[in-house]
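Visitor: For reference, the structure I am asking about is given below.
The values are calculated or read from the model by the stated rules, or taken from the named source; none is laboratory data. Note that this is a predicted model, so its numbers are computed, not measured. Positions of Cβ are generated from backbone atoms using ideal geometry, with glycine treated the same way; all protein chains shown enter the neighbour counts. Calculation scope for accessible area: heavy atoms of the full protein, side chains included, ligands and nucleic acids excluded. Shrake-Rupley method; radii C 1.70, N 1.55, O 1.52, S 1.80 Å.
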Number of protein chains: 2
Amino acid sequence: MPTTNGHVKPGRSEVYSEVQTSRLKVSLPLPSVLKSSFDVVDGRKSSAAGNPDEIAKLFPKLFGQPSVSLKAGGSLPKQSLKIGIVLSGGQAPGGHNVICGILDYLQNRAQGSTVYGFRGGPVGIMKCKYVQLTYEFVYPYRNQGGFDMICSGRDKIETPEQFQQARETAKKLDLDGIVVIGGDDSNTNACLLAENFRANGLKTRVIGCPKTIDGDLKCKEVPISFGFDTACKIYSEMIGNLMVDARSTRKYYHFVRLMGRAASHITLECALQTHPNIAIIGEEVAAQKQTLKSVTNYITNIIGKRADAGYNYGIILIPEGLIDFIPEVQQLLAELNEILAHGVVDQGGAWKKKLRSQSHELFEMLPKAIQEQLLLERDPHGNVQVAKIETEKMLTQMVEVELENRKKEGKYKKDFKGLAHFFGYEGRCGLPSTFDSNYCYALGYGAAALLHSGKTGLISSVGNLGAPVEDWTVGGTALTSLMNVERRHGKFKPVIKKAMVELEGAPFKKFASMRNDWSLKNRYINPGPVQFVGPTSKVINHTLMLELGSQA
Amino acid sequence: MPTTNGHVKPGRSEVYSEVQTSRLKVSLPLPSVLKSSFDVVDGRKSSAAGNPDEIAKLFPKLFGQPSVSLKAGGSLPKQSLKIGIVLSGGQAPGGHNVICGILDYLQNRAQGSTVYGFRGGPVGIMKCKYVQLTYEFVYPYRNQGGFDMICSGRDKIETPEQFQQARETAKKLDLDGIVVIGGDDSNTNACLLAENFRANGLKTRVIGCPKTIDGDLKCKEVPISFGFDTACKIYSEMIGNLMVDARSTRKYYHFVRLMGRAASHITLECALQTHPNIAIIGEEVAAQKQTLKSVTNYITNIIGKRADAGYNYGIILIPEGLIDFIPEVQQLLAELNEILAHGVVDQGGAWKKKLRSQSHELFEMLPKAIQEQLLLERDPHGNVQVAKIETEKMLTQMVEVELENRKKEGKYKKDFKGLAHFFGYEGRCGLPSTFDSNYCYALGYGAAALLHSGKTGLISSVGNLGAPVEDWTVGGTALTSLMNVERRHGKFKPVIKKAMVELEGAPFKKFASMRNDWSLKNRYINPGPVQFVGPTSKVINHTLMLELGSQA
């Protein structure tokens, strides 16, 4: 095949770049405990994250089962297994290595095993759409980003009919186990599937793996979800470049919105990696019941102080989900949805009288473009499309208006030039960092070991991540122990609560202790592109270290 | 100083990341000819790129002087020099290494020399604002991105008073030479300054260096401007990630606008590096006198064909300057500027009758948000702010409308989801690639050699760039030989014509020969992050090789 650069991907029609090819050849280290024979040792009986009585009712077969850890010594029975794998939800760097880990485990420890990859996410289980995953098929995806090996999907196995379909697939393929690679929702679903299989007398076991670049699926035994490290490093590379640009150009304020709708972990991690002048953490905004006006003022005040100090430029990080954290905005959106569902918006603005006075005031404060976005763009259910609101532009414009006002009052004398950026998709599918490559491989290898040992309803858990790979711990955490319930449509639904940025946790406290210094002085750090070779390739994820430290 | 990661930048208050620190320590190779003693050998008498008679009148002292090349043997006189350096125009990765090259040359070949860095661009020359550049001062910027060592500016030395100021500075500092690091405009200015100094009997000589990420300053002897390689590699990393995302998610069309207002080199280079489904090259659009509608149809047709082939996703690259290449858009903008200068825009739309019919039609075809942008956002001179028009969003929306129409006619059956991106500032200030680091160091080292040998009015020229560094050629090209004239306000002004993408050149022809294959099949390449260590760090700029090939 003619190529302009790179190599043909082994066995595929695609072309690989030099860096992709070099990553393919890199061998993956394993924690010591996975290199020799091991036992799977039960811990203590587990409970639930909240409402244990309700969780016990929802998971009569699985509730209370212990989490487990792998210990050297002993050995698992020699038997071949039939395993299905599914990728669920949004992309995260490293997903392919989880699959490589599963395959390599089976090849080393359970020869003669068969692995199926369900295509396009959980719908692949329901419709029994799969591909057999052989070493030759999987090899080209080793250490590569994306989920394109078998693709992912956002469907859920929810209705009795869908569970029935899943059971039929499990029986048809004679599955010993399924590995579900996904976030909080997908792992909740994995646990429901494990319970359902067990309750229906199927042998098929289910093990989850913690995936999400947002970093909001974690607990004591699962210190981090995979993909977070790579995504944050890619965003931090770009933020670092903007910092150098700002310091060179000396005339722009860069407003950078970062992925992370439910929690602000990415913004916090990128802040710790790069030292921006301002970083807004949604959880803090919510805890302090801040308003859009107070967030705007916070930013504007710092810009004013920087102007006095001679700096007319800066970097501001904003989490994608910011407006979800501001109560008054939620209130305004609810009122708008209601008004627009039952009436029309007249040009004269008489409709605004239907808004409560606080919401009316807030609406009037918004930039015209945002007002129109709120009134015009609605999803099929008639709701405002919050995800489409460009928070970084909204804040840039609000800050600009506020600075104009201060200028008129003689309190600000510079020209403000704001530039808005959104870093999202560029990070979800990057080449996995060395950390994510190794972590995912261990997660997959461990997940297969858990299935091999007969376990179900656990999430693969690799710990002690601040240490060298050989010292990492491996085990499985009872999914029911992570659960709480939420009441929806009059029924209790199990949920794994999203892990939010803890305002008392070490990473936030570290950030809080430094941000004043960062705001007025320029402590920018430019991490540069992720390196795969040489000493800098071994730099460990920073927040991770802090968080581990805080848990020790 | 407390740091959360990285090292304190030597002698500075900033903190360096691991990768920055590792780059600091990397020694820079030199072309063989610069490592031993050499002679500066004159070539043939030169002419001009166009209108030689006018250029001869504008540069009576310099016109016709030969370009030069460095050859091994001989030696330059032992003398110390006083040199000033100025960075001019937008940031480009590698600028700091040009300065390092100048300093290292003087330290090795002209001991006792003094170097001044003019602060903030040409205004630093006019106002005699400078800092003395010592090895200790410069060292922390070695192989680092940005222009923050002495910063840049966009002022020009134009009026007789400004030339007078420049002469005063040159006399005050007793300068033997000035190195101007900049793009086409800045190098034109460098030549005017060289002529002015010579005409006024000053000893101060002026040498230019080719800088611009846009890649539009080049000629036979200057195969590429510095910064282009790094910027394209950073953009290509992100485009490659979006490709993996597209292939994994299978539901998004990513519309990516890339920097490059005057010429589409960046878009072409990134296309060759990553193989997108569509890349629009402005020069081709202009040559074919395409309309916005025809560009939209071209994109929509490919999306339609991809849908038939089962692909409902893709990657589309668009040059920042696209609308500057479309004659009908230029016409519309001119009419709008005229109308808005002399009247008001009424809500009813009666003002539209003032538009010519073709412009009226075009205006009605534009998305509402773009229409408003054209009517509302104006610069201080009342002109439409073309740079603020988000071409990628405009095209996304126009394609969406066209696909909706086709859907109604039953010709398109998928759901189109477009996502718009702009990659610009992230690339201008990245850590210089190995190529740009080495190239800039040689450019600087060579510029100092040219000054040392008594030359003026040349641009530092390093060639044979496809070969290993030791085989690179070094010389200087007569700036007057690159010039043509433009008539402005009734006077001839010298200009270095921007190098556009040549539709008969090897890079475009290569692209044109492959784009049909890319459009319907997915030949995506994910170059990954720039590597500084290991074999992949030595991958040479791709277009560069092609272009060199085409010149051989």
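Visitor: Evaluate the charge dipole of the range A:72-170 about its Cα centre and quote only its size in Debye, nearest 20, assuming +1 on the Cβ of each Lys and Arg and -1 on the Cβ of each Asp and Glu.
Guide: Dipole size: approximately 140 debye.
Visitor: Here's another thing I want to ask about it. Between copies, how far does the label point of B:Lys413 sit from its twins, in nm, shortest first, when each point is 7 Å from Cα along Cα→Cβ?
Guide: Label-point distances to the other copies, shortest first: 6.8 nm.
Visitor: Turning to a different aspect of this structure: Taking the axis about which chain A rotates onto chain B, which residue of A lies nearest it as judged by Cβ position, and how many whole Å separate them?
Guide: Checking which Cβ lies nearest the axis yields A:Pro529, 2.
Visitor: May I ask you to order A:120-129, B:356-365, B:27-36 by the average number of other C-beta atoms within 10 Å around their residues, highest value first?
Guide: A:120-129, B:27-36, B:356-365
Visitor: Taking the simple approach of a point 7 Å from Cα along Cα-to-Cβ for both B:Ser80 and B:Gln385, what is their distance in nm?
Guide: Taking the two extended label points, one gets 5.0 nm.
Visitor: Got a sec? Charge dipole of chain A, +1 on Cβ for Lys and Arg, -1 for Asp and Glu; which of A:Ala199, A:Val15, A:Met500 is way out at the positive end?
Guide: A:Ala199
Visitor: Determine the percent antiparallel among the DSSP beta bridges restricted to the protein assembly as shown, to the nearest 5.
Guide: Rounded to the nearest five, the antiparallel share is 40 percent.
Visitor: Per 10 Å bin from zero, what fraction in whole % of the C-alpha pairs of the range B:251-331 is there, up to the bin with the longest pair?
Guide: 19, 48, 29, 4
Visitor: Further question: State, in square angstrom and to the nearest 100, the accessible area buried between chains A and B, both chains counted, probe radius 1.4 Å.
Guide: 5300
Visitor: Got a sec? What order do B:Lys156, A:Lys211, A:Lys354 fall in by accessible area at 1.4 Å, biggest, i.e. largest, first?
Guide: A:Lys354, B:Lys156, A:Lys211
Visitor: Right, another one. I need the inter-copy label distances for A:Asp39: point set 7 Å along Cα to C-beta, values in nm with one decimal, smallest first.
Guide: When each copy's label point is compared with this one, the spacings are 8.5 nm.
Visitor: Rounding to the nearest 20 debye, state how big the charge dipole of chain A is about its Cα centre with +1 on each Lys and Arg Cβ and -1 on each Asp and Glu Cβ.
Guide: 300
Visitor: Between the alpha-carbon centers of the range B:278-351 and the range B:86-146, tell me the distance in whole angstrom.
Guide: 42
Visitor: Per residue, how large is the accessible surface of chain A? Use a 1.4 angstrom probe and give square angstrom.
Guide: For chain A, the per-residue accessible area is 38 Å².
Visitor: While we're here: Okay, which of the range A:164-185 sit inside 15 Å, backbone N to the point 7 Å along the Cα-Cβ direction of A:Gln132?
Guide: Under 15 Å, as judged by backbone N against the label point of A:Gln132, lie A:173-175 of the range A:164-185.
Visitor: Where does the charge balance sit around B:Val179 when Lys and Arg score +1, Asp and Glu -1, over other residues with C-beta under 14 Å from its C-beta?
Guide: +2
Visitor: Same structure, new question: If each of A:Lys497 and B:Glu361 carries a label point 7 Å out from its Cα toward its Cβ, how far apart are those two points in nm?
Guide: With each label placed 7 Å out from Cα toward Cβ, I get 6.3 nm.
Visitor: Which value, in debye to the nearest 20, gives the size of the charge dipole of the range B:328-389 about its Cα centre, when Lys and Arg are +1 and Asp and Glu are -1 at the Cβ?
Guide: Dipole of the range B:328-389, to the nearest 20 debye: 80 debye.
Visitor: Arrange the residues A:Leu376, A:Leu395, B:Leu520 by how much accessible surface each exposes, largest first, with a 1.4 angstrom probe.
Guide: From most exposed to least exposed: A:Leu376, B:Leu520, A:Leu395.
Visitor: Using only the Cα atoms of chain A, what are the Rg and Dmax in Å?
Guide: Gyration radius and largest Cα-Cα distance of chain A: 25.1, 80 Å.
Visitor: Are there trypsin sites (Lys or Arg not before Pro) in the range B:41-80 that DSSP marks as loop and that have at most 16 other Cβ atoms within 10 Å, and which are they?
Guide: Loop-located and lightly packed - B:Arg44, B:Lys45, B:Lys61, B:Lys78.
Visitor: For label points placed 7 Å from Cα toward Cβ, what is the shortest-first list of nm distances from B:Ala199 to its copies?
Guide: Relative to the other copies, B:Ala199 has label-point distances of 9.2 nm.
Visitor: In nm, to one decimal, how far is the A:Val26 label point from the B:Ala467 one, both placed 7 Å along Cα→Cβ?
Guide: 3.5
Visitor: Shifting gears a bit: With heavy atoms of protein chains only and a 1.4 Å probe, what residues of the range A:82-118 have at least 10 Å² less accessible area in the full set of chains than alone?
Guide: Residues losing area: A:Gln91.
Visitor: Given the C-alpha centroids of the range B:160-177 and the range B:443-510, what is the distance between them in whole angstrom?
Guide: 25
Visitor: Once the Cβ-Cβ distance between B:Gln164 and B:Lys57 is put in as r, and R0 is 22 Å, what FRET efficiency do you end up with, to the nearest 0.05?
Guide: For R0 = 22 Å, the calculated efficiency reads 0.55.
Visitor: Still on this structure: Under 14 Å from the Cβ of A:Lys82, count the other residues' Cβ atoms, weight Lys and Arg +1, Asp and Glu -1, and hand me the total.
Guide: Counting the neighbours of A:Lys82, the net charge comes to +2.
Visitor: Return the ratio Rg/(2.2 N^0.38 Å) for the range B:328-389, where Rg is computed over Cα atoms only.
Guide: Computed over Cα atoms of the range B:328-389, the ratio equals 1.01.
Visitor: Continuing with this model, one more query. Could you work out the helix-only [θ] at 222 nm for the protein assembly as shown, with each DSSP H run of four or more residues adding -39,500 (n - 2.57) and the total divided by the number of residues, to the nearest 500 deg cm²/dmol?
Guide: So the helix-based figure for the protein assembly as shown works out to -12500 deg cm²/dmol.
Visitor: While we're on this one: What does the charge add up to near A:Ile318, with Lys and Arg as +1, Asp and Glu as -1, over the other residues with Cβ less than 10 Å from its Cβ?
Guide: Net local charge, A:Ile318 excluded: -1.
Visitor: Grab the alpha carbons of the range A:281-437, take their convex hull, and tell me the volume per residue in Å³.
Guide: 164
Visitor: Starting from the residue with the highest accessible area, list B:Met483, A:Met545 in decreasing order, probe 1.4 Å.
Guide: Result, largest first: A:Met545, B:Met483.
Visitor: Right, something else. Considering only A:Gly457, A:Tyr425, A:Thr291, whose Cα is most displaced toward the positive end of the charge dipole of chain A, charges sitting on Cβ of Lys, Arg (+1) and Asp, Glu (-1)?
Guide: Going by the charge dipole, the pick is A:Gly457.
Visitor: Assuming R0 = 30 Å, what is the FRET efficiency of A:Asn297 and B:Val344, from their Cβ-Cβ distance, to the nearest 0.05?
Guide: 0.30
Visitor: With a 1.4 Å probe and every protein chain kept in, tell me what percent of the accessible surface of chain A is carbon plus sulfur.
Guide: 49
Visitor: Would you please give the residues with an amide H less than 5 Å from that of B:Gly84, counting only those at least 5 places away or on a separate chain, with H modeled from the backbone geometry?
Guide: Hits under the 5 Å cutoff: B:Tyr116, B:Gly177, B:Ile178, B:Val179.
Visitor: To continue, here is another question. Can you compute log10 of I(q)/I(0) for the range A:217-289 with the Debye formula, treating each Cα as one identical point scatterer, at q = 0.21 Å⁻¹?
Guide: Here log10 of I(q) over I(0) equals -0.98.
Visitor: Going by Cα centres, the range B:185-246 and the range B:415-436 are how many Å apart?
Guide: 19
Visitor: What are the extents of the Cα atoms of the protein assembly as shown along their three principal axes, in Å, largest first?
Guide: 98, 72, 55
Visitor: Further, regarding this structure: Taking a quarter of the surface of the convex hull around the Cα atoms of the range B:94-202, what do you get in nm²?
Guide: So the Cα hull casts an average projection of 6.7 nm².
Visitor: Separate question: Putting +1 on Lys and Arg Cβ atoms and -1 on Asp and Glu Cβ atoms, find which of A:Cys100, A:Pro29, A:Ile316 reaches farthest to the positive end of the dipole of chain A.
Guide: Working it through, the farthest residue towards the positive pole turns out to be A:Pro29.
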